Amino acid sequence: MNNLNTKSDLPFNNSIINHLYNKALESKIDQQLAATILKSNKMISNPYCNLLSSNLKQNNIASLHAEAHAIIKYFGKSFYFDKNKNLTYLNEKKKKKIDLIVIRINKSGHACNARPCYNCLTMMKAVGIRKVYYSITLNIQTNNINFSPIKLVCENVKDMISIQTSVINRFLDLKFINNNKNDYYENLLKKLFPPFIKINNLNYFIEFNLLTILPEYKIKIIIENKKKYVYILNNNNNIIIKSNLI
């Protein structure tokens with residue numbers, strides 16, 4: 001087991017990070033992730049890693065992300081798909097004051113960006129997850145192979161925006177719908193970006209999502225009539241997003 005050094009002040013015990021780290025190493029996928037549910041800063045579910053393929057109650061899933069895996073296992077039989085294949089839950093007691101933590105490990109055993117994709121984020125909002133803690137990549141050079149620094153970012157789920165997608169979804173959409181990666185993500189931006197966004201959520205979205213997949217896109221914050229707006233411009237300098245900054 002590597003010597004984990006958590007590079008942020010966390011409200012929960014570092015043993016949770018160790019537990020997740022070891023679980024992530026069990027994943028058979030190159031991008032190894034593990035997630036668990038928290039309540040009162042304590043684990044209330046087992047940690048679960050991402051799966052390459054799954055069949056969940058007769059709904060075929062090409063890949064199951066760690067966050068979705070943890071949520072589905074936690075809600076158990078009270079969690080199902082309706083006739084329109086929308087996620088539905090029954091147990092309201094299980095929804096109360098729960099958070100989620102997810103970490104991702106690369107092939108070198110170091111933590112890296114685990115910011116949730118938009119599908120997992122939608123699921124988290126649907127089941128009432130309050131906060132999500134996710135690992136990010138640290139640019140720290142070390143010769144000690146047994147040293148793995150980890151830093152987590154925390155966001156309120158209801159205020160988050162994500163245009164990250166699974167590899168499978170992106171491959172299928174690019175193959176059958178869009179031939180251009182920029183167009184693909186730009187369409188997601190237009191579809192998912194909220195009319196109001198908080199500055200900290202915007203900053204996290206820019207650093208850990210937008211600029212990792214659309215690095216040539218530009219962000220401008222402009223004051224108009226004493227109100228702040230965020231503009232996102234594409235690689236042709238066309239405005240594609242205007243949102244109120246709060």
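Please compute the net charge surrounding N244, taking Lys and Arg as +1 and Asp and Glu as -1 over other residues with Cβ under 11 Å from its Cβ.
Around N244, the surrounding residues sum to +3.
Enumerate the amide H contacts of K151 below 5 Å, restricted to partners 5 or more residues apart or on another chain; note that Pro and chain-start residues carry no placed amide H.
Here the answer is K7, I136, since their amide H atoms fall under 5 Å of that of K151.
Would you mind ranking F208, F12 by Cβ crowding within 10 Å, fewest neighbours first? Could the numbers behind the result be given before it?
Values: F208 19, F12 16.
Listing F208, F12 from fewest to most nearby Cβ atoms yields F12, F208.
Given N residues in the stretch 150-246, what is its alpha carbon radius of gyration divided by 2.2 N^0.38 Å?
It is 1.13.
Can you put K191, K242 in order, fewest other beta carbons within 10 Å first?
Fewest to most other Cβ atoms nearby, the residues stand as K191, K242.
Students often get this wrong, so check it: of K151/K218; K23/K73; K39/K73; K125/K175, which have C-alpha atoms separated by over 20 Å? Let's see the in-between values first.
Working: K151/K218 26 Å; K23/K73 15 Å; K39/K73 15 Å; K125/K175 29 Å.
The answer is K151/K218; K125/K175.
Filter the GluC sites (Glu not before Pro) in the stretch 171-221 down to the DSSP loop ones having no more than 14 other Cβ atoms within 10 Å, then list what survives. The partial results should precede the final answer.
On the way: sites: E186, E207, E216; in loops: E216.
Of the GluC sites (Glu not before Pro), the ones in loops of the stretch 171-221 whose Cβ has at most 14 other Cβ atoms within 10 Å are E216.
Roughly how big is the stretch 182-245's charge dipole about its Cα centre, with Cβ charges of +1 (Lys, Arg) and -1 (Asp, Glu), in debye to the nearest 20?
My answer is approximately 380 debye.
Each value in this text was obtained by applying a stated rule to the coordinates, not by laboratory testing. Note that the structure is a prediction, hence the values are computed from the model and not measured. Virtual Cβ from ideal backbone geometry, glycine too; neighbours counted across all protein chains shown.
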